[in-house]
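K.L.:
There's a structure below that I have some questions on.
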Amino acid sequence: MQPTIHSTMTSTHPILYSFRRCPYAMRARLAIASSGISVELREVALKDKPAEMLQASPKGTVPVLVLPASSEKEGQVIDESRDIMRWALRLNDPDNWLCADDPDRLWQGEALIQENDAVFKQHLDRYKYFERYPDHPQHYYREQCEVTLVKLERLLQQHAYLTGEQRRLADIAIFPFIRQFAHVDREWFYNAPYPALQSWLDQHLNSELFIRVMQKSSPWQSISQPQGD
């Protein structure tokens, strides 16, 4: 099944509010695309968030998935990226990212995702926006990130992906954040002693699936929003 994310105005599809460069939104789009489920993709301008998105999810962060009236869970809102990934893959998981045949491997992956979201992302934000956190120099925050990088490198030295020889949920959920880390200082990252992690990242960046979900689109506007001159 070809992975697809449709940018349409058809209300019978789930609506996905997204921001192209947000790593949380990236992993939600990747899971949806892998599942083959069609959604109405609404690219969000973070400085001008649509009222419809804020009404659905007042916390105002992407991604936000709104299920259509035609679904069994009419109008349900899912506004956590990990929940959106699981929602899509439970409907259709052609590549077995959820490890249906190996729950232990799934839990191993969930632990890695939790560390990424709760620990690594915090250090990553401080590394990327170090001017906002003057208590320490930038290299200090990078060193905190490296605790996770070392762990991932060791895993990838053992096998092709984070939890084994097949790509699973953990790989897809974590790699957008490693991408963000690498982009802070690409020269440093690609000269650092993480060859397996670098190769793993490049493989994901060059995948057809990632290229597909990273296609650019203009910010969505509702009909009620005023149009520019």
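Just so you know, all these numbers are worked out from the coordinates, no wet-lab data involved. Since we're looking at a predicted model, the values are computed, not measured. Cβ: placed from backbone, ideal geometry, glycine included. Neighbour counts: every protein chain shown.
K.L.:
For the range 15-96, what does the alpha-carbon gyration tensor say about shape, rounded, prolate or oblate, given a ≥ b ≥ c as the root eigenvalues, a/c under 1.5 as rounded, and a/b over b/c as prolate?
P.N.:
oblate
K.L.:
For the range 15-96, build the charge dipole from Cβ charges (+1 Lys, Arg; -1 Asp, Glu) around the Cα centre, then report which of 91, 46, 77 sits farthest towards its positive end.
P.N.:
Checking the options against the dipole of the range 15-96, the answer is 46.
K.L.:
Using only Cα atoms and rounding to the nearest 10 degrees, what angle (0 to 90) does helix 81-91 make with the longest principal axis of the chain?
P.N.:
The angle comes out near 70 degrees.
K.L.:
In sequence order, what are the phi-derived ³J(HN,Hα) couplings for the range 175-185 according to the Karplus relation 6.51 cos²θ - 1.76 cosθ + 1.60 with θ = phi - 60°, rounded to whole Hz, with x for glycine and proline?
P.N.:
These are the phi-based 3J(HN,Hα) values: 4, x, 7, 5, 4, 5, 4, 4, 6, 5, 8 Hz.
K.L.:
Out of residues 5 or more away from residue 161 or on other chains, whose amide H comes under 5 Å of its own, with H placed 1.01 Å from N in the peptide plane?
P.N.:
166
K.L.:
To the nearest 10 degrees, how steep is helix 195-205 against the longest Cα principal axis of the chain, on a 0 to 90 scale?
P.N.:
Long axis of 195-205 versus the principal axis of the chain: about 10 degrees.
K.L.:
Further question on the same structure: Can you list the lysines whose alpha carbon is less than 19 Å from that of residue 151, not counting same-chain residues fewer than 8 positions off?
P.N.:
Partners within reach: 121.
K.L.:
Could I ask something else about it? Neighbouring Cβ atoms within 10 Å as the yardstick, rank 91, 149 fewest first.
P.N.:
Least crowded to most crowded, the residues run 91, 149.
K.L.:
Can you put 53, 214 in order of Cβ neighbours within 10 angstrom, beginning with the fewest?
P.N.:
So the ranking, lowest neighbour count to highest, is 214, 53.
K.L.:
OK, next. What is the magnitude of the charge dipole of the chain about its Cα centre, with +1 placed on the Cβ of each Lys and Arg, -1 on the Cβ of each Asp and Glu, and no other charges, expressed in debye to the nearest 20?
P.N.:
360 debye
K.L.:
What is the ratio of the Cα radius of gyration of the chain to 2.2 N^0.38 Å, with N the residue count, to two decimals?
P.N.:
Compared with the compact-globule rule of thumb, the chain sits at 1.05.
K.L.:
Which angle from 0 to 90°, rounded to the nearest 10, does the C-alpha axis of helix 103-115 make with the longest principal axis of the chain?
P.N.:
Orientation of helix 103-115: about 90 degrees from the principal axis.
K.L.:
Here's another thing I want to ask about it. Need the list of lysines near residue 47 for cross-linking: C-alpha distance under 19 angstrom, and skip anything on the same chain fewer than eight residues off.
P.N.:
Once the sequence-local lysines are set aside, what remains near residue 47 is 59, 216.
K.L.:
Something else: Provide the three semi-axes, in whole Å and in decreasing order, of the ellipsoid equivalent to the range 103-210 as defined by the square roots of 5 times the Cα gyration tensor eigenvalues.
P.N.:
That gives 24, 15, 12 Å for the three semi-axes.
K.L.:
Using per-residue counts of other Cβ atoms within 10 Å, averaged over each peptide, order 16-22, 92-98, 166-172, 40-46 from highest down.
P.N.:
Highest mean packing first, the order is 166-172, 16-22, 40-46, 92-98.
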